[in-house]
Amino acid sequence: MKRIPGLIVMVLILALSAKAQEYVALNYTFHKGELFELEQKSRSETYMTVNDIVQRTTRDYNNIITMEVTEIQPGKTTLTFRYKDLKFNFNAKNQNIYVDAKVTKEDEPFQAGLKKVLDQPFTVEIQTTGIINKVEGLDNILDNAGSAFSSLKKDEQEAYIKLMKDQFGTPAFQGWLEQLLIMYPAHGIKTGTQWEENVPLRGGLVGSIDLYWNLQTWDAQTAKIGGTSKIKTDKVQMLTLEDGIKATAEISGTTSSNYLINRSSGLPSICVQNTDMSGDYTYKANKAKRIKRDLKVPVKVVTNASYKIKQMK
C-alpha cells in the first residue's frame, strides 16, 4: 500500500511528459455570422528633443470594434469591422484634442470627423494562419470623414486629415492588427516551440518588424503564448512628419506581448503589449521651416496596451 502514492506520482510525471510532447494545431477558425467585440485601451508617449528642448506627445485610445464573419473561403475569411465606440486623446505642443465620437462637440472639428467613422463597415481578409491579405474600405470612410473639416483653412484641413489618416488609416490599422493577431505556423507545434514572421512597418515609419512567438502552455480550450518583436527603421527613407517636416529616421526597439488564446477561434481573449523604441530623426534642412541645416533629433516612444476580445454570437 505504501508504494501506491509513489506509483501515482510516477504516472502523473509520465502523463505530463507525454503531454509536453503532444503537438497542437493552432489556427483561425470562424463560422459565418459569428460576431466578436474587441476592446482596446492603449497609451503611447513620444519624447523628442529639438534644440535641447524636450517635446512630449501622448496618444490615448479607448475603442470598441466589432468583427463580424461575413464570408468564408478555403484558407481565408473576410471579417467586417465597425468602430462602435471611439475615444481618442491627442496632446502635443500645448494642444489637446479629446474626442468621444459619440458626443457632439462643436468647438472641436476632429470630433465631427471621427463621428463619421462610427458604425461604418470595412473589411479585413485574413488567412487561417493569421496573415492579413488586405484591408478594404477604411480609406474611403476616412475620405468621407474628412468632409467635416471643409470649413477650416486649407492648412488646418490638411493637418486634421493627416492626423486622422496617421492614426486610423489603412496602413496604421493593418500594422496595428498584424502586431495584435498571432500568425500561426502551418504545422502542429508543441510546448516550447518558437516561430517567427517578418512584416513591414506601416503607417508613418518605414522599416520592418521581426515577430517571434513561443507556445508556453495549452489545453483543450486555451493556449498561452508569449511574443516579442524587434523593430527597425530604414534610416535612408524620407518621411513627412508633423508640420510638414521632412526627415529620415534611425529608430529601433522591441515589443513584448502575452496572449491568452481562445482555441475555438484562434483569437486572443486577452493580450497585453509593451513597446519601447528609441533613436534619432534627422530633420532635413528647410528654409521654409526655419531649419538651417540637417538637425538630429533624439526620440523615444513608449507604448502600453491591453486588448480583450469576446464572442457576442
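Scanning region 202-217 for residues that are part of a loop (DSSP other than H, G, I, E, B) and not charged (D, E, K, R), we see that the one that is farthest from D234 (Cα to Cα) is G203.
Among the residues making up region 98-114, a single one is surrounded by fewer than 16 Cβ atoms within 10 Å (Cβ to Cβ) and not in a loop (DSSP other than H, G, I, E, B): Y98.
For region 255-269, check the following and say yes or no: at least one residue is farther than 23 Å from T77 by Cβ, under 22 Å from the mean Cα position of the chain (by Cα), loosely packed, with under 14 Cβ neighbours inside 10 Å and of a type in the set (G, A, S). So far as region 255-269 goes, yes, one or more of its residues are farther than 23 Å from T77 by Cβ, under 22 Å from the mean Cα position of the chain (by Cα), loosely packed, with under 14 Cβ neighbours inside 10 Å and of a type in the set (G, A, S). Scanning region 47-68 for residues that are among the polar types (S, T, N, Q) and without any contact (Cβ under 8 Å) to a residue 40 or more places away in the chain returns Q55, T57, T58, N62, N63.
Listed by first and then second residue, the pairs linking a residue in region 177-199 that is without any contact (Cβ under 8 Å) to a residue 60 or more places away in the chain and surrounded by fewer than 18 Cβ atoms within 10 Å (Cβ to Cβ) to a residue that is of a type in the set (D, E, K, R) and in a strand (DSSP E or B), with Cβ atoms under 9 Å apart and 6 or more places separating them unless they lie on different chains, are E196/D210; N198/D210; V199/D210. Take Y212 and tell me if it is touching a Phe, Trp or Tyr at 6+ places or on another chain (Cβ under 8 Å) and surrounded by 19 or more Cβ atoms within 10 Å (Cβ to Cβ). So Y212 fails the test.
For region 270-304, taking the residues that are part of a strand (DSSP E or B) and of a type in the set (D, E, K, R), the one that is surrounded by the fewest Cβ atoms within 10 Å (Cβ to Cβ) is identified as K296. Applying the selection to region 226-238, what residues are free of Cβ contacts under 8 Å to residues at least 40 places away in the same chain, surrounded by 15 or more Cβ atoms within 10 Å (Cβ to Cβ) and not acidic (D, E)? Scanning region 226-238 gives T228, K230, K232, K235. Close Cβ contacts (under 6 Å, 6 or more residues apart or on different chains) running from residues in region 22-46 that are within 16 Å of I126 (Cβ to Cβ) and at pLDDT 95 or above to residues that are outside any strand (DSSP E or B) and among the charged types (D, E, K, R) comprise L35/K313. Within region 143-169, residues that are farther than 14 Å from F88 by Cβ and at pLDDT 85 or above sit with their Cβ atoms under 9 Å from residues that are hydroxyl-bearing (S, T, Y) and surrounded by 17 or more Cβ atoms within 10 Å (Cβ to Cβ), at 6+ positions apart or across chains, in these pairs: G146/Y160; A148/Y160; F149/Y160; L152/Y160. Restricting attention to region 70-79, the residues being in a strand (DSSP E or B) and out of contact with any strand residue (DSSP E or B) (no Cβ under 6 Å at 6 or more places or on another chain) number 2.
To keep it simple, each residue is scored yes or no on (1) part of a strand (DSSP E or B); (2) more than 16 Å from the chain's Cα centre (by Cα); (3) surrounded by fewer than 16 Cβ atoms within 10 Å (Cβ to Cβ).
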site	(1), (2), (3)
E45	yes, no, yes
T49	yes, yes, yes
T66	yes, no, no
F81	yes, no, no
F88	yes, no, no
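Of the listed requirements (1) in contact (Cβ under 8 Å) with a residue 60 or more places away in the chain; (2) farther than 30 Å from I309 by Cβ, A249 misses just one: (1).
The set of residues from region 68-77 being acidic (D, E) and surrounded by 18 or more Cβ atoms within 10 Å (Cβ to Cβ) comprises just one member, E68. Across region 136-169, the number of residues qualifying as of a type outside the set (D, E), under 14 Å from F81 (Cα atoms), out of contact with any Pro (no Cβ under 9 Å at 6 or more places or on another chain) and not in a helix (DSSP H, G or I) comes to 1.
The values are calculated or read from the model by the stated rules, or taken from the named source; none is laboratory data. Since the model is a prediction, treat every value here as computed from it, not as a measurement. Positions of Cβ are generated from backbone atoms using ideal geometry, with glycine treated the same way; all protein chains shown enter the neighbour counts.
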